[in-house]
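Structure, as structure tokens:
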Amino acid sequence: MAAAEPAVPALPGGGAGAPSGTVPVLFCFSVFARPSAVPHGAGYELLIQKFLSLYGDQIDMHRKFVVQLFAEEWGQYVDLPKGFAVSERCKVRLVPLQIQLTTLGNLTPSSTVFFCCDMQERFRPAIKYFGDIISVGQRLLQGARILGIPVIVTEQYPKGLGSTVQEIDLTGVKLVLPKTKFSMVLPEVEAALAEIPGVRSVVLFGVETHVCIQQTALELVGRGIEVHIVADATSSRSMMDRMFALERLARTGIIVTTSEAVLLQLVADKDHPKFKEIQNLIKASAPESGLLSKV
């Protein structure tokens, strides 16, 4: 049986420990616990505001959180009940949701964006199996057009490294941006994502796996977005770098998958109105290049 939680300490001022018309509340976050008070009847929004006033410098606003209430009858925290209003002394905590708890791997066209990272001409001679990942990347972009999925494309220092290769058809993409930052998570990209309602997942592919792909994926996960890296459309100059990057990313809860798996998951049903078009895209399997044994 769980040990009973200690009572909430009284606040300065005597009596109920709070000014008239307010209720004492212990606000817990991480290893911290700070007594304060809120107006009688305060609900979820006021509790969030109080957490921000107490811990704002420690809370990552890109994360998703849940507020929980300590329930005496259970001896542990429970999710804040719907319509909860503070009526008596209580103890609440703010819990950041970890990606491992929320990652289910579901993909739906309405909540997905494709990221095509730095598939540029100057990388052609240096990146292993570059021709193979170009063909798979093009198949993904065709699938995105068929399913109406937004596509964001970046080009790393195009003045020196050239534009996206001609084989990649950028017709209809939402955004093509130059960058010098390795991660694709630029202010313009964040603004574009904010304009798309309900984005939960990013399908990410391009180069290099251990640099721009890895840094983009980690930044997106830190913002609460589920990331699917397409292994057969992602490469590096070194297969060792690629292999260890994919292993590291998989351990963080990022999904390492394939182009065919992504496209079929997005249609989900042979009766989907776009299934035949997607089926035609994948009739020829993706190239079984040297990438296959290096994942």
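The values are calculated or read from the model by the stated rules, or taken from the named source; none is laboratory data. Worth saying up front: this structure is predicted, and the values here are computed from it rather than measured. Counting neighbours? That spans all protein chains shown, and the Cβs are built from the backbone with ideal geometry, glycine included. Surface areas here come from the heavy atoms of the whole protein model, side chains and all, with no ligands, DNA or RNA. Shrake-Rupley method; radii C 1.70, N 1.55, O 1.52, S 1.80 Å.
Among helices (runs of 4 or more DSSP H) lying entirely in segment 124-232, which contain 2 or more residues that are among the basic types (Lys, Arg)?
In segment 124-232, 130-147 are the helices (runs of 4 or more DSSP H) which contain 2 or more residues that are among the basic types (Lys, Arg).
Of everything in segment 34-66, what is under 29 Å from the mean Cα position of the chain (by Cα), within 15 Å of residue 91 (Cα to Cα) and of a type outside the set (Lys, Arg)? Give them in sequence order.
Passing the criteria: 43, 44, 46, 47, 48, 51, 54, 66.
Among the residues of segment 206-227, which ones are touching a residue at least 40 places away in the same chain (Cβ under 8 Å), in contact with a helix residue (DSSP H, G or I) (Cβ under 6 Å, 6 or more places away or on another chain) and closer than 22 Å to residue 120 by Cα?
Matches in segment 206-227: 207 only.
Applying the selection to segment 122-150, what residues are closer than 17 Å to residue 272 by Cβ and among the polar types (S, T, N, Q)?
Once the filter is applied, which keeps residues that are closer than 17 Å to residue 272 by Cβ and among the polar types (S, T, N, Q), segment 122-150 yields only 142.
Kindly provide the set of residues from segment 250-286 that are open to solvent by less than 50 Å² (accessible area, probe 1.4 Å), part of a helix (DSSP H, G or I) and within 18 Å of residue 114 (Cα to Cα), ordered by number.
Those that are open to solvent by less than 50 Å² (accessible area, probe 1.4 Å), part of a helix (DSSP H, G or I) and within 18 Å of residue 114 (Cα to Cα): 259, 261, 262, 263, 266, 267, 278, 281, 282.
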